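Below is one structure; the comments refer to it alone.
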Amino acid sequence: MPKSRHLTRKITLSLLAALLLAGVAFAGLSPQLGGTPTKAEKAGYARSGHYKDGKFYYPWLPTELTTGRGMASVLWEFLFNKTPGRKPPGPLPMQLLDSLRLVGKAPELLRVTWFGHSASLLEIGGQNVLFDPMLGQDMGPVSWATPKRYNPRVPIYAAQLPPITAVLISHDHYDHLDYETIRQLRHKTRLFIVPLGVAAHLRAWGVDTARIRELDWNDSVRVAGLTIVSTPARHFSGRGLTNRNTTSFSSWVVKSATRRAFYSGDGGYGPHFAAIGRQHGPFDLGLMECGQYDPHWADIHMRPEQSVQAARDVRAAVMLPVHWGAFTEANHPWNEPPRRATAEAARLGQPITTPELGQSVTFDGRPLPQQRWWEAVNE
């Protein structure tokens with residue numbers, strides 16, 4: 001690298017570091033940072049099979065940068081080596097919703113509505129289960145430093161949602177656990193079911209302790225006729241610079257008397273998917289992470305082809321790709337995830353559905369949404 005370019009890069013990174021530290025100082029005063037588990041809670045985590053030296057980890061494979069480059073180099077590439085098409089040229093197609101359109105109490109009904117990124121509402125066994133409801137426009141306490149939502153609003157605001165039986169959180173990153181959304185849901189949600197350590201955030205935000213259930217991997221809870229199981233994920237956690245992996249991360253199994261669904265949460269591909277399929281499958285639906293991947297962090301986010309294989313591993317009758325369609329958090333074209341996933345699903349014979357934002361998918365034997373709407377956005 002020429003000396004002048006190296007100096008420019010060094011100065012730029014120093015300025016970015018200074019801005020980041022200023023942002024962290026501001027964020028430290030913000031309630032969005034969340035809470036901290038108690039000493040008694042931390043002592044209890046030691047009984048978990050994936051907690052050591054104050055940190056949670058994935059036991060079977062590493063979760064780290066995979067290309068041998070330092071964090072500064074990776075950050076530089078993300079900020080300045082722009083891949084064409086990282087963001088759509090305009091808003092994405094979206095169906096606006098209200099609570100009246102999301103009320104289906106028939107016990108046999110299985111319906112899912114994807115709101116963008118990973119936020120999804122599952123209607124199962126006559127109950128409403130909400131996954132990772134990041135329904136805000138701004139991500140975290142320092143909005144100028146975080147990715148912007150593609151659309152100027154979401155298909156439905158948290159205040160418009162019908163009563164929720166359970167909110168399931170996969171981990172505490174800002175794009176999955178949103179302060180403002182939780183504040184709006186805290187009185188209309190029967191239970192918040194979260195990985196170890198995440199309860200501290202909810203308590204800090206005014207959620208009644210009686211409404212929180214914190215589960216280790218393979219723990220389960222029964223609520224309103226549903227069985228909800230915390231299952232492993234290969235990821236990491238943290239809402240600040242000093243609390244990485246101090247809370248756990250999960251995928252989720254939801255079972256009614258007649259239907260089953262799986263949500264992968266975030267994470268890299270690993271043997272846990274096949275184990276989940278053997279123990280809890282087959283599933284009528286698999287909501288699978290499929291976006292924000294990069295060669296530098298291949299251990300913690302799946303490539304689309306791996307997402308399809310993971311759906312097959314858990315024995316999902318239908319795959320719905322999530323973790324895309326709202327924010328740019330990696331150096332790939334915004335619409336590459338569904339393009340690659342649909343191609344791989346066709347190659348392997350894995351049924352897949354690709355609804356628009358806010359479009360409900362009902363599993364009643366009729367054809368599922370499979371339009372390639374993301375292609376028209378670039379026209």
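For the chain, what is one quarter of the convex hull surface built on the Cα atoms, given in nm²?
Values: hull surface 75.4 nm².
Directional mean of the projected Cα hull area for the chain stands at 18.8 nm².
Can you tell me how segment 190-264 classifies by the Cα gyration tensor, rounded, prolate or oblate, using a/c under 1.5 as the rounded cut?
On the way: a/c = 2.96, a/b = 1.42, b/c = 2.09.
Oblate is the answer for segment 190-264, as a/c is 1.5 or above yet b/c matches or exceeds a/b.
Of all accessible surface on the chain at a 1.4 Å probe, what whole percent is carbon and sulfur?
On the way: 8920 of 15910 Å².
Roughly 56 percent of what the probe reaches on the chain is carbon or sulfur.
Filter the DSSP H helices in the chain by two things, a Kyte-Doolittle mean of at least 0.0 and an axial alpha-carbon span of 24 angstrom or more, and list the hits by number.
Working: long enough: 3-27 (35 Å, 0.95).
In the chain, the long hydrophobic H runs are 3-27.
Note down the net charge around ARG278, summing +1 for each Lys or Arg and -1 for each Asp or Glu among other residues with Cβ under 14 Å from its Cβ. Could the numbers behind the result be given before it?
Values: positive: ARG260, ARG312, ARG315; negative: ASP313.
Local charge sum for ARG278: +2.
I need to check one value: relative contact order of segment 175-271, counting alpha carbon pairs closer than 8 Å and at least 6 residues apart, in percent. Write down the numbers at each step before the final one.
Numbers: 155 pairs, mean separation 21.0, N = 97.
It comes to 22 percent, rounded to a whole number.
Roll a 1.4 Å probe over the protein chains and send me the accessible area per residue for the chain in Å².
On the way: 15910 Å² over 379 residues.
Result: 42 Å² of accessible area for each residue.
Give the accessible area for ARG239 in Å² (nearest 10); use a 1.4 Å probe, count only protein heavy atoms, and leave out ligands, DNA and RNA.
Accessible area, nearest 10 Å²: 10 Å².
Find out how many positive minus negative residues lie around GLY238, taking Lys and Arg as positive, Asp and Glu as negative, among other residues whose Cβ is under 12 Å from that of GLY238. The partial results should precede the final answer.
Working: positive: LYS55, ARG239, ARG244; negative: ASP172.
Spelling it out: positives minus negatives among the neighbours equals +2.
Net charge within 10 Å of VAL223 by Cβ-Cβ distance, Lys/Arg positive one each and Asp/Glu negative one each, not counting VAL223 itself? If you can, show how the numbers build up before the last one.
Details: positive: ARG190, ARG213, ARG222; negative: none.
Taking every other residue near VAL223 into account, the sum is +3.
Suppose only helical runs count, i.e. DSSP H with n ≥ 4. What mean residue ellipticity at 222 nm does that imply for the chain under -39500 (n - 2.57) per run, divided by all residues and rounded to the nearest 500 deg cm²/dmol?
Values: 9 runs with 91 residues, N = 379.
Dividing the helical sum by the residues of the chain leaves -7000 deg cm²/dmol.
Please sort 240-247, 298-305 by packing, taking for each peptide the average over its residues of neighbouring beta carbons within 10 angstrom, highest first.
Numbers: 240-247: 16.9, 298-305: 22.1.
Per-residue Cβ counts within 10 Å, averaged per peptide and sorted highest first, yield 298-305, 240-247.
Please report the accessible area of MET139 (heavy atoms, 1.4 Å probe, ligands and nucleic acids excluded) in Å², nearest 10.
Per-residue accessible area (MET139): approximately 10 Å².
Using a Gaussian network model on the chain with a 10 Å cutoff between Cα atoms, which of LEU29, LEU177, LEU215 fluctuates the most?
LEU29
My understanding is that a pair violates if its Cα-Cα distance is over 21 Å; which of LYS82/LYS148; LYS42/LYS255; LYS105/LYS255 do that in this structure?
Details: LYS82/LYS148 16 Å; LYS42/LYS255 30 Å; LYS105/LYS255 16 Å.
Correct reply: LYS42/LYS255.
Pick from GLY197, GLY44, GLY291 the residue whose mean-square fluctuation is largest in a GNM of the chain, springs joining Cα atoms under 10 Å.
GLY44
Would you work out the relative contact order for the chain, in percent, from Cα pairs under 8 angstrom that are 6 or more residues apart? Walk me through the intermediate numbers first.
On the way: 811 pairs, mean separation 73.1, N = 379.
It rounds to 19 percent for the chain.
Label segment 228-376 by shape, choosing from rounded, prolate and oblate, from the square roots a ≥ b ≥ c of the eigenvalues of the Cα gyration tensor; if a/c is under 1.5 it is rounded, and otherwise prolate applies when a/b is larger than b/c, oblate when it is not. Walk me through the intermediate numbers first.
Details: a/c = 1.70, a/b = 1.14, b/c = 1.49.
Oblate, because a/c is 1.5 or more while a/b does not exceed b/c.
Among LEU122, LEU320, LEU96, which one shows the highest mean-square fluctuation when the chain is modelled as a Gaussian network with alpha-carbon springs under 10 Å?
Greatest mean-square fluctuation among the candidates belongs to LEU96.
Among bridges DSSP assigns within segment 99-374, what percent are antiparallel (round to 5)? Walk me through the numbers before you get to the answer.
On the way: 28 of 48 bridges.
Expressed as a percentage, antiparallel bridges in segment 99-374 total about 60.
Give me the number: length gained by fully extending ALA346 to ASP53, i.e. 0.36 nm times residue separation minus the C-alpha to C-alpha distance, one decimal in nm. Don't skip to the answer; put the middle values down first.
Details: separation 293, 0.36 × 293 = 105.48 nm, distance 4.41 nm.
Contour length minus Cα-Cα distance gives 101.1 nm.
The values are calculated or read from the model by the stated rules, or taken from the named source; none is laboratory data. In this text, all values refer to a predicted model and were calculated from it rather than measured experimentally. Cβ sites come from the backbone with ideal geometry, for glycine too, and all protein chains shown count toward neighbours. Please note that ligands, DNA and RNA were not included when accessible areas were found on the heavy atoms of the full protein model with its side chains. Shrake-Rupley method; radii C 1.70, N 1.55, O 1.52, S 1.80 Å.
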